[in-house]
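Each remark here refers to the structure printed beneath this line.
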Amino acid sequence: MLKDYLDSRAVSLGDEVKDWRAAIETTGRLLVDSEAAEEKYVQAMVRTTEELGPYVVIAPGVAIPHARPEDGAKKVALGLSVLSEPVEFGSKENDPVDLVFGFSTTDSEAHMELIQALADFIEKEENCQALRDAETVEEIMAIVERSSVNA
Amino acid sequence: MLKVFAVCGMGLGTSIILKSRLKEALNKQGVDHSLEVTDASAVAGQDADLIFTSEELGEKIRNKKAKVVVINNFTDRKEIGAKVEAAVAEIGA
């Protein structure tokens, strides 16, 4: 379930960023602060997104940046930064982005449950809207918890 | 058997979602198929019937035989199901 992978320390909202790089750094920082990844993972996420391009933007307004397990991932985990103003990632169909779900995984299989649960969560537009409307981290945790129950 | 490819970046994020959504749609529609994930350069030399990918990667795909289908929302079962159905009908599999 999605809630099993989201530490409340890895959630922030109202984040003001100037561009997609800063958006990813903010999300990567959450993974480091919640002990899911090492410091170097943050810049690896930025580099990986440079390589992959806007392909990390998987749905309208939603990006799922990540790096490789060997870039300093310590566990399978999710982080979420809700931006105060959306930024462009260069995706023709899905820009601009204001929900940035960063994740880490320890190998190419370990995060299967996380990624499937995340896709099902994002697929429901009302979940994304609820995150955008949330005013506290507690509210966000409750939205994710509720979705896990209904999944 | 329909040879289907999902063309992706690194294979950790979007590609996993796309592969599972495609598999679900193809099975639901009873399409006899094989499904592989690969990257934009590797797919050029593949014997493929259908290639699913993103708008940006779609521009990089050079495969003369296959029909390339662009997915916008990788989480959306409705979009992916409809595009699978249309593509399968079009190539007459």
Original post:
For residue B:20, all conditions in the list (1) farther than 21 Å from residue A:67 by Cβ; (2) in contact (Cβ under 8 Å) with a residue 24 or more places away in the chain; (3) facing another protein chain (nearest Cβ under 8 Å); (4) of a type in the set (Ser, Thr, Tyr) hold save one; what is the number of the exception?
Top reply: (2)
Original post:
So residue B:66 clears everything in (1) within 23 Å of residue A:57 (Cβ to Cβ); (2) aliphatic (A, V, I, L, M); (3) at pLDDT 90 or above except one condition, right? Which one?
Top reply: (1)
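Residues are listed down the side, and each one gets a yes or a no for (1) modelled with pLDDT of 95 or more; (2) facing chain B (nearest Cβ under 8 Å); (3) in a helix (DSSP H, G or I); (4) surrounded by 16 or more Cβ atoms within 10 Å (Cβ to Cβ):
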residue: A:45; (1), (2), (3), (4): yes, no, yes, yes
residue: A:55; (1), (2), (3), (4): no, yes, yes, yes
residue: A:85; (1), (2), (3), (4): yes, no, no, no
residue: A:142; (1), (2), (3), (4): yes, no, yes, no
**OP:** Tell me which of these residue B:68 doesn't satisfy, since it passes every other one: (1) under 23 Å from residue A:120 (Cβ atoms); (2) in contact with a Gly (Cβ under 6 Å, 6 or more places away or on another chain); (3) β-branched (Val, Ile, Thr).
**Re:** (1)
Subject >> Candidate set from segment A:57-83 (those that are under 15 Å from residue A:28 (Cβ atoms) and small (Gly, Ala, Ser)); member that is farthest from the other protein chains (Cβ to nearest Cβ) >> reply: A:81
Original post:
Given the structure, is residue A:13 over 29 Å from residue B:70 (Cα atoms), under 13 Å from the mean Cα position of the chain (by Cα) and either facing chain B (nearest Cβ under 10 Å) or not in a helix (DSSP H, G or I) (or both)?
Top reply: yes
Original post:
Could you say whether any residue in segment A:122-132 is within 11 Å of chain B (Cβ to nearest Cβ), under 17 Å from residue B:14 (Cα atoms) and at pLDDT below 95?
Top reply: no
**OP:** All but one of (1) touching a helix residue (DSSP H, G or I) at 6+ places or on another chain (Cβ under 7 Å); (2) away from chain A (no Cβ under 14 Å) hold for residue B:8, so report the exception by its number.
**Re:** (2)
Original post:
Among (1) within 19 Å of residue A:131 (Cα to Cα); (2) surrounded by 18 or more Cβ atoms within 10 Å (Cβ to Cβ), which single condition is residue A:67 missing?
Top reply: (1)
**OP:** Hey, could you check segment B:40-60 for residues that are closer than 24 Å to residue A:62 by Cβ and buried (at least 18 other Cβ atoms within 10 Å of the Cβ) and say which is farthest from the chain's Cα centre (by Cα)?
**Re:** B:56
Original post:
Taking segment B:64-93, which residues are β-branched (Val, Ile, Thr) and within 14 Å of another protein chain (Cβ to nearest Cβ)?
Top reply: B:69, B:70, B:71, B:75, B:80
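For residue B:64, state whether it is without any contact (Cβ under 8 Å) to a residue 60 or more places away in the chain and buried (at least 17 other Cβ atoms within 10 Å of the Cβ).
no
The values are calculated or read from the model by the stated rules, or taken from the named source; none is laboratory data. Just so you know, these numbers come straight off a predicted model, no measurement behind them. No Cβ is skipped: glycine too gets one built from the backbone with ideal geometry, and neighbour counts run over all protein chains shown.
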